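Read through the structure below, which is laid out as structure tokens, and then see the notes.
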Amino acid sequence: MNSVIAFIVIFGALVFFHELGHFVFAKRAGILCREFAIGMGPKVLAFKRNETQYTLRLLPIGGYVRMAGEDAELMELKPGFRAGLVLGEDEKVEKVVLNNKDRYPDLRVIEVAEADLEKELYIKGYEEGEETLQRFELSEKAVFIEDGVETQIAPWNRQFNSKKLYQRFLTIFAGPAMNFVLAFIVLSIIGMSAGIPVDRAVLGDIVPGDPADQAGLEKGDEVTAISGEEIATWADLTGIVSDSAGEEITIDVQRGEESLSFNVTPEERTFEQGDETISQGIIGVYNPRIESPSIFQSIQYGAEQTYFWTVTIFDLLGDLITGQFSIDALAGPVGIYKSTEEVAKAGIYQLMQWGAILSINLGIMNLLPLPALDGGRLLFFGFEALRGKPIDRQKEGMVHFVGFALLMLLMIVVTWNDIQRYFL
């Protein structure tokens, strides 16, 4: 149950902050945001505040912000429609009732002759029993009511595609950018709370019962050599220990004024990396840390770690593109859940770091110039900037639709590989 909760919290945070980036910049640009959703599929929880409906959906495979104008607006009034109008104090139409009109008293029912719901915002029609054509102005926040459900109209100036190129660019780019910001904040908090590791060959906390503890090593011991090989950094120490699983090594340390030697046999531990089983030696020591870093040191650590993991993930992505490891090494929701389950056993700080790495990974994946991803949409904005006019919306929509279908196929393949790897 703890693993399930950890997965839900991490996944929810990553998706929430990603979509929050889109949402905040869309609102700043004046775009009407119809829905802010976490998850996909059927609604589990929903409430509406101001113009936006906030929903929690059943399937933990993403989220979205539904902005007016991204899809074709479904509301239309064709000539011959009978509609009920509710006018406000300024005599502008506030509600357009399409059916079940008997539920709404004091309606002005008209037969529609003409309507413009995007730019001029008016409805022309004939009231019952009248032969004079009348024109009714619409409020910019007028709503359509059909089967009791209210849907706000989207004037052209509130639609995504009406905005300047830089506003649309920032709205889309802000999603992945927020994932990097989230990772930076989390890693800075880890540095502030758990201390900042330093690359010195000095032993930090000793795990009780592990080989280092059994051999008599203590926190604060400075390692000078391992089996005759000089040690200068923590990376030197871990490299030799990792390669010596099951083999006895001699660790020379300086403890105060004393020079001591200890015979230690690193314990062999294995973990899965794609289709490979990786083995490494562990003696049960943590690296030394700055115990009470300043805010500046913590921020610097957060920035350095964010950069390090960004470069690392790009390197792994390059290996995938060049064929140095196969698609079987990729993990989907099932694989991420299993990894989260293992990381959760190591403690809260390791779990926080894992969440930060996943956040960076999500940001990078979304910036790839692939159809249906944020990066694909940014690529189309680039073409628009070069051409001086946008790509035909229908053609762009078809490209994104095909891309989305291929991404769903990839997710199915990766998820099936995860199921075979962990459960079959």
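The values are calculated or read from the model by the stated rules, or taken from the named source; none is laboratory data. This is a predicted model, so every value here is computed, not measured. Backbone-built Cβ (ideal geometry, glycine too); neighbour counts: all protein chains shown. Quick note on the areas: whole protein, heavy atoms, side chains included, nothing else; ligands and nucleic acids left out. Shrake-Rupley method; radii C 1.70, N 1.55, O 1.52, S 1.80 Å.
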Quiz prompt | About the Cα centre, charge dipole magnitude for the stretch 333-424 (Lys/Arg +1, Asp/Glu -1 at Cβ), debye | solution = 160
Quiz item: Considering only DSSP beta bridges with both partners in the chain, what is the antiparallel share in %, to the nearest 5?
Solution: 90
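Taking 8 Å as the Cα distance limit and 6 or more residues as the minimum spacing, I'd like the relative contact order of the stretch 1-110 as a percentage. Walk me through the numbers before you get to the answer.
On the way: 148 pairs, mean separation 20.6, N = 110.
After rounding, I find 19 percent.
Placing unit charges on C-beta atoms (Lys and Arg positive, Asp and Glu negative, everything else neutral), compute the dipole magnitude of the chain about its Cα centre in debye, rounded to 20.
The calculation lands at about 1860 debye.
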Quiz item: Taking the Cα centre of the stretch 133-202 as the origin, how large is its charge dipole in debye, to the nearest 20, when only Lys and Arg (+1) and Asp and Glu (-1) carry charge on their Cβ atoms?
Solution: 380
Quiz item: Using the heavy atoms of the protein chains alone and a 1.4 angstrom probe, what is the accessible area of the stretch 95-205 per residue in square angstrom?
Solution: 51
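Starting from the exponent 0.38 and prefactor 2.2 Å, build the expected Rg for the stretch 150-263 from its residue count and divide its actual Cα Rg by it.
On the way: Rg = 26.4 Å, N = 114, 2.2 N^0.38 = 13.3 Å.
My calculation over the Cα atoms of the stretch 150-263 gives 1.99.
Taking Cα pairs under 8 Å and at least six residues apart, what relative contact order does the stretch 96-255 come out at, in percent?
Values: 177 pairs, mean separation 20.9, N = 160.
Relative contact order comes out at 13 percent.
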Quiz prompt | Of LEU107, GLY41, GLY80, farthest towards positive along the dipole that unit charges on Lys, Arg, Asp, Glu beta carbons give the stretch 1-112 | solution = GLY41
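Computed over the Cα atoms of the chain, what is the ratio Rg over Rh, Rh following Kirkwood?
Answer for the chain: 1.14.
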Quiz item: Taking the Cα centre of the chain as the origin and placing charges on Cβ (Lys, Arg +1; Asp, Glu -1), which of TRP354, ALA235, PRO176 is farthest toward the positive end of the dipole?
Solution: PRO176
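What is the diffusion coefficient of the stretch 1-116 in µm²/s, taking the Kirkwood radius over Cα pairs and the Stokes-Einstein relation at 20 °C with a viscosity of 1.002 mPa s?
Numbers: Rh = 17.2 Å.
Translational diffusion coefficient: 124 µm²/s.
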Quiz prompt | Estimated D of the stretch 216-271 in µm² per second, where Rh is the Kirkwood radius over Cα pairs and Stokes-Einstein applies at 4 °C, 1.567 mPa s | solution = 111
Self-check item: Cα pair count fraction exceeding 28 Å, expressed as % - the stretch 60-209
Solution: 48
Quiz item: On the accessible surface of the stretch 185-321, probed at 1.4 Å, how many percent belong to carbon and sulfur atoms?
Solution: 51
Quiz prompt | Most to least packed among 32-42, 171-181, 290-300 [average Cβ atoms within 10 Å] | solution = 171-181, 32-42, 290-300
Exercise. Pick out, from SER259, ILE282, TYR122, the residue whose Cα sits farthest towards the positive end of the charge dipole of the chain, with +1 on the Cβ of Lys and Arg and -1 on the Cβ of Asp and Glu.
Key: TYR122
Quiz item: When only alpha-carbon atoms count, how far does the stretch 244-397 stretch along each of its three principal axes, as whole angstroms with the largest first?
Solution: 75, 41, 27
Quiz item: Accessible surface of SER227 in the full protein assembly, 1.4 angstrom probe, to the nearest 10 Å²?
Solution: 80
Self-check item: Proximal aspartates and glutamates to LYS119, defined as alpha-carbon separation beneath 20 angstrom and excluding residues fewer than eight positions away on the same chain
Solution: GLU51, GLU70, ASP71, GLU73, GLU76, ASP90, GLU91, GLU94, GLU137, GLU140
Exercise. Consider just the alpha-carbon atoms of the stretch 327-424 and return their Rg together with their Dmax, both in angstrom.
Key: 17.5, 54
